[in-house]
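Following: one structure in structure tokens, then a few remarks.
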């Protein structure tokens, strides 16, 4: 198989071909590393690449298939990337923080261990914003290098968008997986809070941090859940096959009001397309004023970041980027009762959001992922529309849903009740079937135009 | 059946007799109300008694049994009391706080609704310390009126100890159910955090508040769990019958060091008796220094009490008793990062405590419930030994285990892993069979001496 075709494969599909020995892990990992050589620097997607180690692992993965009684895992031999705030044994994990540049964890984070156990081959650590907060990273948006790649999981989104890996891990404390997914034209998914262990993440906000995943198709998200879930996942009624009943969706009107006119019209068009396909779309709200939800989210992150960074900040103040530093400093002077009030508000917000779903018997809530196309590189973009579902701990997914007039990706977000991760994927799959596929990025001259197969993009 | 015999019955046993129409709800409720008339004032156990309403309910409970297709609940017709910080529909719930004296909730707390649904008949609200904190209440210890009845669930413990009701609800945020149980010679049980809903409790500390129960036998605790649990309860391997395998117990040595010499010797004697009966007793610790556990507990309560009481305190400062007022005032100036540190310490403490159980494959940890007999009425006693398991959210139970040289009750505490509530009861049942029963209180001249049947006291 030619290199570009190998790199078009989804992770699940690639693993199936490796298992059947139609392709080898060595050739797909080799192809990925060549693509990283071509595009890594241009896209700024990587903090560390471990080529030799990855090739040795790929060789071993191929050899294992010839071992008697060997049962290959769900991701056997498939290359993947890991955001550089997630610990990887013997591979530096620095969180874009200079004092950590020589920090080499002894153990894999739980989620990395789970993916490796399923056979996946780590090829490197992807670029993150500093400690997964809001100061922009050095990753570049492959659709237009003058625009932000989003954040904080910018490198993972860019690497997946440009075919350097089929799957990469991110994290989400506010909107750090879904927002870069939308800006870079890939799928971003954040599971129910607690479904995937956060042990081994450098914490930003210990009660809000989630592991997220970036992929080019929904099937790979499903594989990720199966492999990484720390507890049994609720199967949905339709789990035996693809969902054929059109879903009931709740269009969150105040989310549209946050968006620019172009995005608002785009999401209305999508809702109409879903309805034309048989979906029910009802108009709902967040259950609480969005400003209140965002205030609670902000205060919790400030306080928890302050708790984590207080002592480091004393020693290394000048190594902190300004937004994170301000966040941690503000967090130090918040009185505890305000934090408790924010936690109580958080619970209320979760009840209200899930209440919307229950009251209208919805499969999912529907919003734009972000209120606009990717803005300039001075920001990672606006987390306001991703935040509510993170605060509530609900599973959420962003699908690439079209291109703006400027030719940049737009994203649509779906969120379901806590625990309904699988149901959410089925809803997303139905909706993806009713979306127009978007083409591949053409914003960088060395762009791997066409490598991201259309059909592949949404399933 | 004569009145005293009726009042000796456990709740489960009484319900069985009512179901079989061997006694009526009306006669047992009548007997309870007469006992309340005799002893209520002397013991200070009641904030409100609703005699007429209770008798009407009892009449209805008796009539229901003659209704075709009526299925009586597990506590059908049995009188019970509810601590006056737990909401009861149409019955004042004042938390010993003067500005709340006319506060009449519209709805029952979830746990009260569950007990009523099982057929139990509310006869009144039991005395509590102010908002379930540490300022002593007006309840008196029936073993010696010069000693504290403990707190904060003092009225519930006293009412059960003196046969005014077979079962009463308490709450526990630190040691508020198990400590008064120990001081008054009854059983106190606190379920796994979250197993019984706290909806409808006047909060003291929202993440630590538990509903507790006071009874005279373990069977009634089991019935309480069955009736009140908000989610399915894990059954233990031996759930089909009484546990016959002697348990593996972890004697927490630092807890003994907190106790006075008499209690220390008493618990060592118990451990020897359990071993003589075949139990394995290994020596363990709390997994962390007790001082650290208590500091985290104290800070969390201060902050959360401050959050709840901040606005009330502005308006009604002079109505607050001094300990609660100091607690809420200190809590207002705690920075949020200290609270987050306390929450993290809490999680660590829970991991370490459960780690002790896992490492030594224990059925339960074993400590004195309190380090001494009931002290004077100027205090509700020392919560240090009940606190760790509340902080960790683990189920814990106190059994009356003997009398001090002064003739006052002593208690032994068992705690198990979160979720192992039923297993804990079975361990407690085995241990109760190896305890000497204690006699009934003789400290008040009008004491209902002998009414608390010995056999009844521990099963």
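Rule-based calculations on the coordinates, nothing more; no lab input. Keep in mind the model is a prediction, meaning the values are calculated, not measured. Ideal geometry is used to build each Cβ from the backbone, glycine not excepted, and the neighbour counts take in all protein chains shown.
Each other copy places its own label point for residue B:90 at 7.3 nm from this one, sorted shortest first, where the point lies 7 Å along the Cα-to-beta carbon line.
Measuring r between the beta carbons of residue A:292 and residue B:245 and using R0 = 45 Å, the FRET efficiency lands at 0.25.
For the rotation that carries chain A onto chain B, the axis lies closest to a Cβ at A:336, 2, where the number is the distance in whole Å. Take every DSSP beta bridge whose two residues both sit in chain A; close to 65 percent of them are antiparallel.
Eigenvalues of the alpha-carbon gyration tensor of the protein assembly as shown, scaled by 5 and square-rooted, set the equivalent ellipsoid semi-axes at 58, 28, 26 angstrom, largest first. Remark: mean inter-chain Cβ contacts per residue of A:297-305 equal 2, using a 10 Å Cβ-Cβ cutoff to other protein chain atoms. In nanometers and ordered shortest first, the copy-to-copy spacing of the residue A:407 label point, defined 7 Å from Cα toward Cβ, is 9.7. Across the identical copies, the 7 Å label point of residue A:360, projected outward along Cα→Cβ, sits 5.6 nm from its counterparts, in ascending order.
As a proxy for reagent exposure, ranking B:327, B:260, A:418, B:431 by other Cβ atoms within 10 Å from fewest up yields B:260, A:418, B:327, B:431. Ranking of B:365, B:17 by neighbouring Cβ atoms within 10 Å, starting from the fewest: B:17, B:365.
Would you calculate the separation in nanometres between label points at residue B:379 and residue A:98, each defined as 7 Å from the Cα along the Cα-to-beta-carbon direction? Modelled inter-label distance: 5.5 nm. Over all orientations, segment A:173-272 has a Cα convex hull whose mean projected area works out to 8.4 square nanometres. Scoring A:162-168, A:404-410 by mean Cβ neighbours within 10 Å over their residues and listing the highest first yields A:162-168, A:404-410. Between segment A:270-338 and segment B:241-294, the alpha-carbon centres lie 46 Å apart. Distance between Cα centroids, segment A:165-227 to segment A:74-135: provide it in whole Å. For segment A:165-227 versus segment A:74-135, the Cα centre distance is 13 Å.
Note on segment A:307-418: Cα-only Rg and Dmax are 18.0, 52 Å. Note on A:206-212: average number of Cβ atoms from other chains within 10 Å of each residue's Cβ is 1. How high is the relative contact order of segment A:290-347, in percent, counting Cα pairs under 8 Å that sit 6 or more residues apart? The value is 52 percent.
Going from the residue with the fewest nearby Cβ atoms within 10 Å to the one with the most, A:55, B:9 rank A:55, B:9. Averaged over peptide A:329-336, the number of partner chain Cβ atoms lying within 10 Å of each residue's Cβ comes to 5. Applying 1/(1 + (r/R0)^6) with r as the Cβ-Cβ distance of residue B:60 and residue B:436 and R0 = 41 angstrom yields a FRET efficiency of 0.45. Scaled to the globular estimate 2.2 N^0.38 Å, the Cα spread of segment A:290-347, given as radius of gyration, is 1.16.
Cα-based values for chain A, radius of gyration first and Dmax second, are 20.5, 61 Å.
Would you give the gap between the C-alpha center of segment B:349-367 and the C-alpha center of segment B:1-61, rounded to a whole Å? So the separation of the two Cα centres works out to 40 Å. Computed log10 I(q)/I(0) for segment A:149-218 at 0.14, 0.16, 0.21 Å⁻¹: -0.35, -0.46, -0.76, from the Debye equation with unit scatterers placed on every C-alpha and solvent omitted.
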